[in-house]
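Computed from the coordinates by the stated procedures, all read-outs in this text should not be read as laboratory data. Since this is a predicted model, take the numbers as computed values, not measurements. Heads up, the Cβs are rebuilt from the backbone with ideal geometry, glycines too, and the neighbour counts pull from every protein chain shown.
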Amino acid sequence: MNRKAIFAAGAVAALAALGASAPAGATLGEPLASVASTRSQLRAVSAKTAQRAGYRVHESTLPSGTVVREYTDAAGLVFAVSWEGPFQPNLKALLGSHFQRLQAAGREPHPDHRRLAVREPQLVIESGGRMRAFRGQAYLPEQTPAGFSFEENAQ
């Protein structure tokens, strides 16, 4: 087995381990009640909510220092999530049923082993980084409010 294949197998195993660390709660694509469930699963140490034009941002800081943001639309559905910090959060808890698609992307050949991306009409996930500097975002394009921007909500 060559080095790239070994690295790719390790990346898939790491994603699987992240997914196995806690049961998935309601998250991306789920109702507002899922935000509290996700915060509990991720053991958030602080949380705040901000109102934007047409949506809300629910920000949680994890014990690791990683910041997770969940975005809910006017109907109360989570249409996007993002994360940044020294450690990956539990992506299965954040992505819920969409986590399987990220795992599948990890098994497919991809040139940049520091990044994984899923770009489909109904789902976009971008995850990457290096040790102590991870970031990612996922959203449902068809449910994203007009004018939404991840950059607008980053600190």
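Structure above, values below:
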item	result
Label point distance in nm, Arg114-Ala53, each placed 7 Å from Cα along Cα→Cβ	3.5 nm
Potential lengthening between Glu142 and Gln100 on full extension [0.36 nm per residue; Cα-Cα distance subtracted]	13.2 nm
Region 25-107 - percent relative contact order, Cα under 8 Å, separation 6 or more	29 percent
Ranked packing of 45-51, 33-39, most packed first, by mean Cβ within 10 Å	33-39, 45-51
Added length on full extension, which subtracts the Cα-Cα distance from 0.36 nm per residue, Ser46 to Arg107	18.5 nm
Theoretical FRET efficiency, 1/(1+(r/R0)^6), r = Cβ-Cβ of Ala33 and Asn153, R0 35 Å, to 0.05	0.95
Under the Karplus curve 6.51 cos²θ - 1.76 cosθ + 1.60, θ = phi - 60°, whole-Hz ³J(HN,Hα) for region 77-86, x wherever Gly or Pro sits	9, 6, 9, 7, 9, 8, 8, 7, x, x
Among 57-69, 82-94, 98-110, the order from most to least packed when residues are scored by Cβ within 10 Å on average	82-94, 57-69, 98-110
